[in-house]
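This report concerns only the one structure given below.
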Amino acid sequence: MKLSLLLLGFFVANISAAAIIIDHNSVANFDNIPSQWIERAKTDLNLAYGHTSHGSQIVTGMTMLRNQNSLYNYTTGSSGFLCDGGMSGAYDLGNPNRTAWATATRNYLNGSGANRKVIMWSWCGQVSTATSSDIANSYLANMAQLESEFPNVKFIYMTGHLDGTGETGNLKIRNQQIRDYVIANDKILFDFADIESYNPEGTYFPNETDACAWCSTWCSSHACPTCSSCAHSHCFNCYNKGKAFWYMMAVLAGWNEGASSDTTPPANPSGLTIR
């Protein structure tokens with residue numbers, strides 16, 4: 001029995017160490033989230049989110065879901081589940097420059113945000129013009145430094161929104177640089193660009209922009225929720241990002257969609273004697 005428990009512990013540890021990628025697949029699997037994991041996320045986690053207009057698409061999507069179902073109600077403000085824009089000194093990952101967000105985060109976590117468990121920043125359009133060094137040194141290195149300073153905080157990495165430059169454009173290359181780092185180092189990624197790139201049937205739109213033309217096409221023949229405004233884009237794009245957000249929070253709270261509900265330890269490996 002001891003060996004079985006050790007093997008189970010090893011298996012769980014490897015799951016928890018893997019990178020967490022939140023993308024269009026998360027949107028597709030949104031309805032699989034058990035309600036108790038949404039409640040657990042709201043109870044056990046709290047988030048500070050720094051963003052400008054493009055990043056507001058996630059919050060708009062959260063509002064759309066909240067309007068549909070009270071399960072997705074959440075509190076806001078300095079003591080709420082979501083502190084929206086409370087990290088003074090920067091606006092997003094590239095405004096006023098490419099590093100101010102790191103100082104703003106550090107000051108926040110050392111001050112009024114000391115109780116925050118999750119930190120997320122979004123880009124506006126700055127990934128489109130970023131160099132490899134910008135991503136490696138101004139973004140990834142600063143994220144790693146913050147993670148080392150605040151080991152009990154979960155930091156969410158993010159890709160930049162689509163800009164229509166396609167498979168060979170700088171945006172795709174720089175976004176892939178972020179993805180590769182996240183996967184290699186077992187980080188957490190909200191893949192903003194990937195969510196914009198696929199419709200609900202899984203069709204890929206490599207040359208799409210942040211306006212989400214496929215959203216308009218899809219909603220012309222399918223029922224889609226509406227909103228008062230989705231910054232730079234279509235309401236369905238915001239809605240999908242809201243779904244992806246709650247999927248992410250459920251996973252961070254401990255939900256594992258692929259795990260069996262059976263808690264029985266694994267069978268003894270053949271040929272081994274358990275004492």
Original post:
How much length, in nm to one decimal, is gained on full extension between Ala114 and Glu257, taken as 0.36 nm per residue of separation minus their Cα-Cα distance?
Top reply: 48.4 nm
Original post:
Hey, how many Å between the Cα centroid of segment 55-110 and the Cα centroid of segment 138-179?
Top reply: 17
**OP:** For segment 93-106, take each phi angle, set θ = phi - 60°, evaluate the Karplus expression 6.51 cos²θ - 1.76 cosθ + 1.60, and give the result in whole Hz per residue in order, putting x for glycine and proline.
**Re:** 6, x, 9, x, 8, 8, 10, 4, 4, 5, 5, 4, 5, 4
**OP:** May I ask you to sort Ser133, Ser56, Ser122 by Cβ crowding, counting other Cβ atoms within 10 Å and putting the fewest first?
**Re:** Ser133, Ser56, Ser122
Original post:
Relative to the longest principal axis of the chain, what angle (0 to 90°, nearest 10) does the C-alpha long axis of helix 35-44 take?
Top reply: 80
Original post:
Which ³J(HN,Hα) values, rounded to whole Hz and listed in residue order, are derived for segment 244-256 from phi using the Karplus coefficients 6.51, -1.76 and 1.60 in 6.51 cos²θ - 1.76 cosθ + 1.60 with θ = phi - 60°, glycine and proline given as x?
Top reply: 4, 4, 5, 4, 4, 5, 5, 5, 5, 6, x, 6, 10
Subject >> Anchor Lys187: lysines whose Cα lies under 24 Å away (excluding residues fewer than 8 positions away in-chain) >> reply: Lys42, Lys117, Lys154, Lys172, Lys241, Lys243
**OP:** Show the residues, 5+ positions off or on another chain, whose built amide H is closer than 5 Å to the amide H of Ile188.
**Re:** Ile20, Tyr157
**OP:** Give me Val118, Val153 ranked fewest to most by other Cβ atoms within 10 Å of their Cβ, as a rough exposure proxy.
**Re:** Val153, Val118
Subject >> For segment 23-253, size of Cβ-based charge dipole, Lys and Arg +1, Asp and Glu -1, in debye >> reply: 560
**OP:** Return Ser88, Ser112, Ser148 ranked ascending by Cβ neighbour count within 10 Å, so the fewest neighbours appear first.
**Re:** Ser148, Ser88, Ser112
Original post:
Amide H of Leu162: which non-local residues (sequence gap of 5 or more, or other chain) have their own amide H closer than 5 Å, using H built in the peptide plane?
Top reply: Asp210
**OP:** Return, in residue-number order, each cysteine of the chain whose C-beta is not under 4.7 Å from any other cysteine's C-beta.
**Re:** Cys83, Cys124
**OP:** Select from segment 112-221 those GluC sites (Glu not before Pro) which occupy a DSSP coil region and have at most 12 other Cβ atoms within 10 Å, ordered by residue number.
**Re:** Glu167, Glu201
Subject >> Given charges at Cβ of Lys, Arg, Asp, Glu: the chain dipole, positive-most of Tyr181, Leu171, Phe150 >> reply: Phe150
Subject >> Degrees separating the helix 170-185 axis from the principal Cα axis of the chain, which is the longest one >> reply: 20
Subject >> 0 to 90° range, to nearest 10: angle between helix 56-68 axis and the chain longest Cα axis >> reply: 70
Subject >> Residue-by-residue Karplus 3J(HN,Hα) for segment 131-146, coefficients 6.51, -1.76, 1.60, Hz, glycine and proline x >> reply: 8, 4, 5, 4, 5, 5, 9, 7, 9, 5, 5, 5, 4, 4, 5, 5
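A short reminder: the numbers here are calculations on the coordinates, not readings from a lab. None of these values were measured; they are calculated from a predicted model. Neighbour counts are summed over all protein chains in view; Cβ atoms, including those assigned to glycine, are modelled from backbone coordinates with ideal geometry.
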